[in-house]
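Below you will find the structure I want to go over with you.
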Amino acid sequence: MAVIRTMGKGMRAGKKPGGGGGANMQKQLQQMQAVQRKMEETQAEIDKMEATATSGGGAVTVTVNGTKQITNIEIKKDVVDPDDVEMLQDLIMVAVNEALRQMEEISQAEMSKLTGSLGIPGL
C-alpha cells in the first residue's frame, strides 16, 4: 500500500513552512523592546508634567502632576464662606476634574506621538 502526499497550496518542493522566520522574529522582538523602552521614557516624562485648572473665575486653582496626584490647591480668601461650604466644595471639584482631564489629554497626546509612528492599528 503506497501513501501519496500532496503539497498544500502555495508550498514549494524543498521548502519548509515558516523557514527563515527566526531572524525576522528576532528583529521584531528587538523592535518591540525598543518601543517598550521608549514608552517607559515617555511615561516618565509625562509623570513630571503638570496641569493647572481654575474655577470660579480664579477663586480656586488646582495643579495635578502626570501621575494624577494633586500637587497644589490655592483658594482665594473671599470665596471662603462658612455659610456656603457647598459652593467651595463644588469649585474645588470642578477645578480638580478639569486639571485631571487636561493631564489625561496631555498623556494621550504624548503617547499617541509614539504609537502613531508605529503604524499599528488600534494603538
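Coordinate-derived values only; no laboratory data. Because the structure is predicted, anything quoted here is derived from the model rather than measured. When we count neighbours, we look across all protein chains shown, and the Cβ atoms used for this are built from the backbone with ideal geometry, even at glycine.
What are the pairs with Cβ atoms under 8 angstrom where one residue, in segment 60-85, is free of Cβ contacts under 8 Å to residues at least 24 places away in the same chain and of a type in the set (A, V, I, L, M) and the other, located anywhere, is part of a loop (DSSP other than H, G, I, E, B) and surrounded by 12 or more Cβ atoms within 10 Å (Cβ to Cβ)? Sequence gap at least six, or different chains.
Within 8 Å, the pairs are I75/A59; V79/G56; V79/A59.
Yes or no: V96 in contact with a strand residue (DSSP E or B) (Cβ under 6 Å, 6 or more places away or on another chain) and outside any strand (DSSP E or B)?
On the way: in contact with a strand residue (DSSP E or B) (Cβ under 6 Å, 6 or more places away or on another chain): yes; outside any strand (DSSP E or B): yes.
Against the criterion (in contact with a strand residue (DSSP E or B) (Cβ under 6 Å, 6 or more places away or on another chain) and outside any strand (DSSP E or B)), V96 qualifies.
Has segment 114-122 got at least one residue that is part of a loop (DSSP other than H, G, I, E, B), of a type in the set (S, T, N, Q) and either surrounded by 11 or more Cβ atoms within 10 Å (Cβ to Cβ) or within 16 Å of the chain's Cα centre (by Cα) (or both)?
Going residue by residue through segment 114-122, those that are part of a loop (DSSP other than H, G, I, E, B) are 117-122.
Imposing the further condition that a residue be of a type in the set (S, T, N, Q) reduces the set to 117.
Still in the list and also either surrounded by 11 or more Cβ atoms within 10 Å (Cβ to Cβ) or within 16 Å of the chain's Cα centre (by Cα) (or both): 117.
Checked against the condition, which is being part of a loop (DSSP other than H, G, I, E, B), of a type in the set (S, T, N, Q) and either surrounded by 11 or more Cβ atoms within 10 Å (Cβ to Cβ) or within 16 Å of the chain's Cα centre (by Cα) (or both), segment 114-122 yields at least one hit.
With the requirement that a residue be of a type in the set (A, V, I, L, M, F, W, C) and within 14 Å of M93 (Cα to Cα), what does segment 49-78 give you? Explain how you work it out, then say what you get.
Taking segment 49-78 as the starting set, the residues that turn out to be of a type in the set (A, V, I, L, M, F, W, C) are 49, 51, 53, 59-60, 62, 64, 70, 73, 75.
Selection gives A53, A59, V60, V62, V64, I70, I73, I75.
Cβ-Cβ below 9 Å, separation at least six or inter-chain, first residue in segment 29-49 and more than 21 Å from I70 (Cα to Cα), second in a helix (DSSP H, G or I) and among the polar types (S, T, N, Q): which pairs?
V35/T115; M39/T115
If I ask for residues that are farther than 19 Å from I73 by Cβ, among the aliphatic types (A, V, I, L, M) and surrounded by 14 or more Cβ atoms within 10 Å (Cβ to Cβ), which ones from segment 88-113 would you list?
Passing the criteria: I106, M111.
For (1) aromatic (F, W, Y); (2) within 15 Å of E104 (Cβ to Cβ); (3) within 28 Å of the chain's Cα centre (by Cα); (4) loosely packed, with under 14 Cβ neighbours inside 10 Å, each residue gets a yes or a no:
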| position | (1), (2), (3), (4) |
| --- | --- |
| A23 | no, no, no, yes |
| A34 | no, no, yes, yes |
| E40 | no, no, yes, yes |
| A44 | no, no, yes, yes |
| D47 | no, yes, yes, yes |
| A59 | no, no, no, no |
| V79 | no, no, no, no |
| E86 | no, no, no, yes |
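Can you tell me which residue in segment 61-75 is farthest from E104 (Cα to Cα), limited to those that are in a strand (DSSP E or B) and not hydrophobic (A, V, I, L, M, F, W, C)?
E74
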